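See below for the structure under consideration.
Derivation of every value follows stated rules applied to the coordinates shown; laboratory data play no part. Because the structure is a prediction, the values reported are computed rather than measured. For neighbour counting, all protein chains shown are included, and Cβ atoms are generated from backbone atoms with ideal geometry for every residue, glycine included.
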Amino acid sequence: MGWTAAAVGLSAVTSIAAARQASATGKYNQAVQNRNAQVAEQEAQRLEQQNEFDIARFDQQFTQLQGETKTAILFSGAELSGSGLRIMKYNAEQAEIEKDILDYNSKVAQSQKMEEANFARMKGQVARMEAKQAQLGYYAAAGQSLMSNYGGG
């Protein structure tokens with residue numbers, strides 16, 4: 001009976017150690033996923049800043065283009081009316097469309113990064129819940145091992 005009791009005790013201790021390890025692994029995996037979420041959120045912020053920079057640069061280039069267009073129209077001897085004015089108006093309309101496209105593409109990319117962040121957090125929560133279930137299973141195995149030898153007679 002001595003060896004049996006020792007084996008049961010060792011089995012219970014091993015199960016408790018496994019439960020603690022499962023808990024630690026779950027916490028670690030959740031922390032990793034939370035870090036991944038932070039990285040994705042930071043990337044979304046970087047995309048927003050990049051969009052602001054791209055639009056500012058586009059505005060600067062467009063202003064330069066409009067100035068060159070106006071100079072070319074006036075230099076040709078035409079007045080800034082009629083065709084010349086229509087060209088400048090068309091350029092302005094196209095510039096707004098281009099800025100809207102830049103903004104839309106940036107918002108889509110930002111949204112994707114935020115979804116990555118949300119998904120990473122969910123994966124972390126699932127990893128933690130799975131670890132808790134494994135932990136409970138190990139504790140149950142320890143209890144069952146002890147009960148089978150000492151409790152049920």
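Observations on the structure shown:
- For region 65-82, the tally of residues that are farther than 15 Å from residue 94 by Cα and either of a type in the set (A, V, I, L, M) or assigned to a helix (DSSP H, G or I) (or both) stands at 10.
- Condition check for residue 62 on (1) over 20 Å from residue 103 (Cα atoms); (2) surrounded by 11 or more Cβ atoms within 10 Å (Cβ to Cβ): one failure, at (1).
- Pairing residues of region 85-108 that are farther than 16 Å from residue 60 by Cα with residues that are assigned to a helix (DSSP H, G or I) and among the charged types (D, E, K, R), at Cβ distances under 7 Å and at least 6 apart in sequence or on separate chains, gives 106/48.
- Residues satisfying the stated conditions in region 91-111, i.e. of a type in the set (Gly, Ala, Ser) and within 17 Å of the chain's Cα centre (by Cα): 106, 109, 111
- Candidates 114, 88, 147 - the one that is under 23 Å from the mean Cα position of the chain (by Cα) and of a type outside the set (Asp, Glu): 114
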